[in-house]
Amino acid sequence: MATWPADWEERRRGVGCPACADGRPDRIPDGERILAGATSDAYLSRSSAARGYTLLTWRGRHVSELTDLHPNELLSFTQELVTVCRAIEAYYQPLKLNLLLLGNSMPHLHAHIVPRYWGDPNPGRPPRFMMEEREWPRIDEDDYQSQLRALRDLLSP
């Protein structure tokens with residue numbers, strides 16, 4: 001039976017938080033930054049699991065839940081989330097966007113933005129790829145760079 005790690009409360013408080021330690025990098029292991037916002041950074045995933053899959057990571061003080069944010073922080077984070085979602089909708093034209101605030105393995109506030117399309121193998125259900133522990137192939141580099149340019153253009157002021 002799986003259980004929460006023994007140091008879970010420390011993780012929630014930010015002890016040893018990798019997202020806090022990273023600062024505001026241009027790249028994370030799975031992608032490159034498409035938005036450096038006032039309080040968050042968005043990274044387009046290199047994974048082929050879902051075209052346009054993006055992470056929006058809170059870059060203020062350490063928090064693990066939306067409920068930890070002060071009203072002005074919450075406004076900034078959600079405005080940046082909606083800005084990124086609109087760019088993803090404009091470029092990829094998905095049928096639906098799924099927004100997930102999980103943090104079950106890394107309790108630092110971040111949102112998973114998952115576009116859903118025709119031909120989705122699991123419509124009406126959570127994104128299947130998020131439940132599978134496996135390595136997904138990476139997007140072709142030329143295609144990925146093209147997507148980065150397009151999204152950065154849409155997100156530039």
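Between Asn122 and Arg51, the contour length at 0.36 nm per residue exceeds the Cα-Cα span by 24.1 nm.
The stretch between Asp7 and Asp153 holds 48.4 nm of extra length on full extension. This uses 0.36 nm per residue minus the Cα-Cα distance. At most 14 other C-beta atoms within 10 Å and a DSSP loop state: those are the exposed chymotrypsin sites (Phe, Trp or Tyr not before Pro) I care about. Give me the longest piece of the chain that has none. Result for the longest clean stretch: 1-116. The Cβ shell under 12 Å around Leu74 holds other residues with a net charge of -4, Lys and Arg each +1, Asp and Glu each -1.
Laboratory data are not the source of any read-out in this text; all were calculated from the coordinates shown. Keep in mind that this is a model prediction, so the values were computed, not measured. Using ideal geometry, Cβ is built from the backbone for each residue, glycine included, and neighbour counts are taken over all protein chains shown.
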